[in-house]
1. May I ask for the equivalent-ellipsoid semi-axes of segment 5-120, computed as the square root of five times each C-alpha gyration tensor eigenvalue and listed largest first in whole Å?
2. Tell me, what is the per residue accessible area of the chain in Å², probe radius 1.4 Å?
3. Starting from segment 136-225, pick out the GluC sites (Glu not before Pro) whose DSSP state is loop and whose Cβ has at most 12 other Cβ atoms within 10 Å.
4. Label 7 Å along Cα→Cβ of Ile17; segment 40-67 residues with amide nitrogen under 18 Å?
5. For a bin width of 5 Å, list the pair-distance distribution of segment 54-124 built from all Cα-Cα distances, rounded to whole %.
6. Looking at Gly186, Ile6, Phe218, which one has the Cα that reaches farthest to the positive end of the dipole of the chain (charges on Cβ: Lys, Arg +1; Asp, Glu -1)?
7. Based on the Cα atoms of segment 94-194, what semi-axes does the equivalent ellipsoid have, where each is the square root of 5 times one gyration tensor eigenvalue, given in whole Å with the largest first?
8. How much of Cys135 can a 1.4 Å solvent probe reach, expressed as accessible area in Å² and rounded to 10?
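The values are calculated or read from the model by the stated rules, or taken from the named source; none is laboratory data. Worth saying up front: this structure is predicted, and the values here are computed from it rather than measured. Cβ placement follows ideal geometry from the backbone for every residue including glycine, while neighbour counts extend to all protein chains displayed. Heavy atoms of the whole protein, side chains included, go into the accessibility calculation; ligands, DNA and RNA do not. Shrake-Rupley method; radii C 1.70, N 1.55, O 1.52, S 1.80 Å.
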Amino acid sequence: VKISEIKKNILIETESILFNVKDNIISSSSNSKFKDNFNNSLTTSNFNYNLKEGELRVENAELKDFNNNNFSIKTAYLNTTSNKLLGKDISINLNNENFNIDNEPRLKGRSLTSKGNLTEISKGIFTTCKIRDGCPPWEISAEKIQHDSEKKIINYKNAWLKIYDVPVMYFPKFFHPDPSVERQTGFLKPQLNNSEILGSSLYLPYFYVISESKDYTFKPTFFEN
């Protein structure tokens, strides 16, 4: 089945649908795909779409947005008029075009609110470490994480830097460029070291852009003792 909602430029493709003509609701329990004119693509195993109110409810959804970020959402509500998205239990694999193969930048959180260029995650975690069993070598957890895809910035509120799941540094407010940025002033990847002579230490480099052809990196190391 193919359904075109012409005014909103939305195309729906699915195996079968149930159309409640009285309430103007389309629903399906088969695998379905939604596309819009912003080049966003959403697949879901179950949906309920109120055409009159413009409210779409989906289960077990996978969303790929126009910036090539991939969202996995357990339950989501999308208003197709305002393009506001609400989600629960979410995971986002961010565009990795400027990272090397050993980095897999991603966000996870309990809930999500997204509209236009702004995506806000509650009780979220960010890391660029490659996916593996157990906790990542480092991550930033925060009460709120906001991603601005236009400014290409990730902002944090009440954030903790964790090394192997151990909190080591607190930031009331914190931000850094998103993975699509090639070069910008800010902290680089931290590293936890251990030496029989010097003991445990945290390496926290800071990169500063002077011009298009000049920069410097400040490399402080914090020792346990």
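1. 27, 14, 13
2. On a per-residue basis, the chain sits at 62 Å².
3. Answer by residue number: Glu150, Glu182, Glu196, Glu212, Glu224.
4. Flagged as within label range: 41-59.
5. Taking every Cα pair in segment 54-124, the percentages come to 4, 16, 27, 27, 15, 7, 3, 1, 0.
6. Final value for the positive-end residue is Ile6.
7. 20, 17, 13
8. 50 Å²
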